[in-house]
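A.B. asks: Here it is, the structure, as structure tokens.
Rule-based calculations on the coordinates, nothing more; no lab input. As the structure is a prediction and not an experimental result, all values here were calculated from the model. Because the Cβ atoms are built from the backbone with ideal geometry, glycine has one as well, and the counts that use them run over all protein chains shown.
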Amino acid sequence: MTAAVLRGKEDLRIEQVPMPEAGSGELVLRVGAALTCGTDLKVYRRGYHAKMLTLDRLFGHELAGTVVQVGEGVTTFAMGDRVVPLNSAPCDVCFYCRHDQQNLCDDLLFNNGAYAEFIRVPARIVAKNTLRLPDNMPFEYAALTEPLACVVRGLEESNARAGQTVIVLGAGPIGLLFIHTASLMGQHVIAVVKRKDQVATALHFGAEQVVRVADVADPIAAARALTPEGRGADVVFEAVATPEAWQWAVQMARKGGLVNLFGGPPAGTTVAFDTNLIHYSDLTLRASFHHTPATARRAFELIASGKFLCRDFLTGVANIEELPEVFARMLVRPAEGIAPDIKTVILPRAVAQTAVPERIEEHA
């Protein structure tokens, strides 16, 4: 079968690899649609991921597809079922799993290989983290479940509630997912963005107010000025993954507020914080990594509800042979005024369309 294999830093190759076979408890899916992801871009740029992926491995982790092989002992799924497998599953027996921190599982099992014609789903993911699609849910919408599950967990772990004022730093795919999900939860969202085109995009996905960094002398003061009585936000989500953004986030929160340092900078990155500000403002600093089976299900329910603007997050479509070019383009910021893709839908075979069809799965 045709699949994408990561061979090194910025070395992504489309190769012919053996067709997967379903072992005991496993499934093999025909991929209906896969999505590009910021995490995959980081892996592509660095050539590895500390937990998810090393070199010479199948690539990609956001997908949905159709069951074409059912392993021995599988009773919950059958041939022809349309499903979304998450990219991991916890062991549920280690210290962290027993303490409701499944995302930190000592034996967290990851699965990659979304950019391919077929993918094998390990038994643990089949049993704990694979969901059946409603008949009316397109594959490409279902593939949003994984990144949205991470965002849902970030919101829940930050105790973000309706009526609160939140600031989201960043308007890339994850920042936009935070903006949209928080707005659907009834929160008043202020977005802090870099690019001019991101202003309209952030507003479209639910931000009530937007600060563009280049338009103000002091982004911290400008963002705080938009909060009630200039106090700062109840919750600040950092989705840029730079030391400067981490420092800004801490200064944008109100006294007693919470800052979620969601973006993951490269290993070895250090950040300097004002200790007096954190201490005397009684700030809570936390970070959120990955998702759990429970947040995956809540994200899936949100997608299935019809409230989530799935279609608007999908801004391009390409076939698997074009994937190396797609990732090479993702490394380069487009010129100002040209909106970058949020997520590109990757199909396992060639399609004639250059825009996203209404139902991509019809062409898969």
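A.B. asks: By how many nm would the segment from Phe289 to Ala339 lengthen if fully extended, with 0.36 nm per residue of separation less the alpha-carbon distance?
C.D. replies: 15.2 nm
A.B. asks: Same structure again: At 7 Å along Cα-to-Cβ for each site, give me the label-to-label distance between Glu15 and Ala162 in nm.
C.D. replies: According to this spin-label approximation, the distance is 5.2 nm.
A.B. asks: Sticking with this one: Among Leu309, Leu86, Leu347, which one shows the highest mean-square fluctuation when the chain is modelled as a Gaussian network with alpha-carbon springs under 10 Å?
C.D. replies: Among Leu309, Leu86, Leu347, the largest GNM mean-square fluctuation belongs to Leu309.
A.B. asks: Taking loop as defined by DSSP and a crowding limit of 14 other beta carbons within 10 Å, which trypsin sites (Lys or Arg not before Pro) in segment 219-289 fit? If you can, show how the numbers build up before the last one.
C.D. replies: Working: sites: Arg224, Arg231, Arg254, Lys255, Arg286; in loops: Arg231.
Those that pass, being in a loop and sparsely packed, are Arg231.
A.B. asks: Which stretch or stretches of segment 235-259 have amide N atoms under 11 Å from the point lying 7 Å from Ala272's Cα along the Cα→Cβ direction?
C.D. replies: Those under the cut-off are none; the list is empty.
A.B. asks: Of Ala149, Leu63, Val240, which is farthest along the charge dipole of the chain in the positive direction, counting Lys and Arg as +1 and Asp and Glu as -1 at C-beta?
C.D. replies: After comparing all options, I get Val240.
A.B. asks: Of Leu41, Leu144, Leu63, which has the largest mean-square fluctuation in a 10 Å C-alpha GNM of the chain?
C.D. replies: Per the Cα network of the chain with a 10 Å cutoff, Leu41 tops the list.
A.B. asks: Label Glu322 and Phe95 with points 7 Å out from Cα along Cα→Cβ: what is the distance between them in nm?
C.D. replies: For Glu322 paired with Phe95, the spin-label model returns 4.9 nm.
A.B. asks: Which residue, Gly172, Gly232, Gly163, tops the fluctuation ranking in a GNM of the chain built on C-alpha contacts under 10 Å?
C.D. replies: Gly163
A.B. asks: Another question, if that's okay. Run the reach check for Lys128 against lysines, Cα to Cα strictly under 20 Å, same-chain hits fewer than 8 apart removed. What comes back?
C.D. replies: List returned: Lys51.
A.B. asks: Something else about it: Kindly provide the helix-only [θ] at 222 nm of the chain, computed as the sum of -39,500 (n - 2.57) over DSSP H runs of four or more divided by all residues, to the nearest 500 deg cm²/dmol?
C.D. replies: That comes out to -7500 deg cm²/dmol.
A.B. asks: Can you work out the Karplus-derived ³J(HN,Hα) for every residue in segment 147-163? Use 6.51 cos²θ - 1.76 cosθ + 1.60 with θ = phi - 60°, whole Hz, and x for glycine or proline.
C.D. replies: x, 5, 4, 5, 5, 4, 5, x, 5, 5, 5, 9, 6, 6, 10, 4, x
A.B. asks: Please work out whether segment 159-286 counts as rounded, prolate or oblate from its C-alpha gyration tensor, where a ≥ b ≥ c are the square roots of the eigenvalues and a/c under 1.5 means rounded, while otherwise a/b larger than b/c means prolate and anything else oblate? All intermediate terms of the calculation are to be shown ahead of the outcome.
C.D. replies: Details: a/c = 1.42, a/b = 1.19, b/c = 1.20.
Cα axes put segment 159-286 in the rounded bin.
A.B. asks: What FRET efficiency, computed as 1/(1 + (r/R0)^6) with R0 = 35 Å and r the Cβ-Cβ distance, is obtained for Met1 and Arg329, rounded to the nearest 0.05? Numbers along the way, then the final one.
C.D. replies: On the way: r = 25 Å, r/R0 = 0.71.
After rounding to 0.05, the efficiency reads 0.90.
A.B. asks: Hey, another quick one. For a test of the definition: using alpha carbon positions, the gyration tensor, and the 1.5 limit on a/c, classify segment 123-190 as rounded, prolate or oblate.
C.D. replies: Taking the square roots of the gyration eigenvalues as a ≥ b ≥ c, segment 123-190 is prolate.
A.B. asks: Mind checking which lysines have their Cα closer than 23 Å to the Cα of Lys196? Skip sequence neighbours fewer than 8 apart in that chain.
C.D. replies: Straight-distance partners of Lys196: Lys343.
A.B. asks: Right, here's the next one. Checking the a/c ratio against 1.5 first, then a/b against b/c, what shape does the Cα gyration tensor give for segment 170-231?
C.D. replies: Oblate shape, in that a/c is at least 1.5 and b/c is the bigger or equal ratio.
A.B. asks: For labels at Asp106 and Ser305 in the simple 7 Å Cα→Cβ model, what's the distance in nm?
C.D. replies: Computed distance between label sites Asp106 and Ser305 equals 3.7 nm.
A.B. asks: Kindly provide the trypsin sites (Lys or Arg not before Pro) of segment 36-142 that DSSP labels as loop, not H, G, I, E or B, and whose Cβ sees at most 15 other Cβ atoms within 10 Å.
C.D. replies: Lys51
A.B. asks: If the reach is capped at under 19 angstrom between alpha carbons, list the aspartates and glutamates near Lys307, excluding any in the same chain fewer than eight residues apart.
C.D. replies: Partners within reach: Asp135, Glu140, Glu146, Glu156, Glu208, Glu358.
A.B. asks: When the dipole is taken about the Cα centre of the chain, and only Lys, Arg (+1) and Asp, Glu (-1) are charged at their Cβ, what size is it in debye, to the nearest 20?
C.D. replies: Details: 35 positive and 40 negative charges, 86 e Å.
Dipole size: approximately 420 debye.
A.B. asks: Scan (1) 35, 23, 19; (2) 37, 23, 20; (3) 46, 24, 16 for the value of semi-axes √(5λ) of the Cα gyration tensor in Å calculated from this model and give just the label.
C.D. replies: Recomputing semi-axes √(5λ) of the Cα gyration tensor in Å here gives the entry labelled (1).
A.B. asks: Another one. In percent, how large is the relative contact order of segment 159-286, given Cα pairs closer than 8 Å and 6 or more residues apart? Mind showing how you got there, number by number?
C.D. replies: On the way: 263 pairs, mean separation 27.9, N = 128.
Relative CO of segment 159-286 lands at 22 percent.
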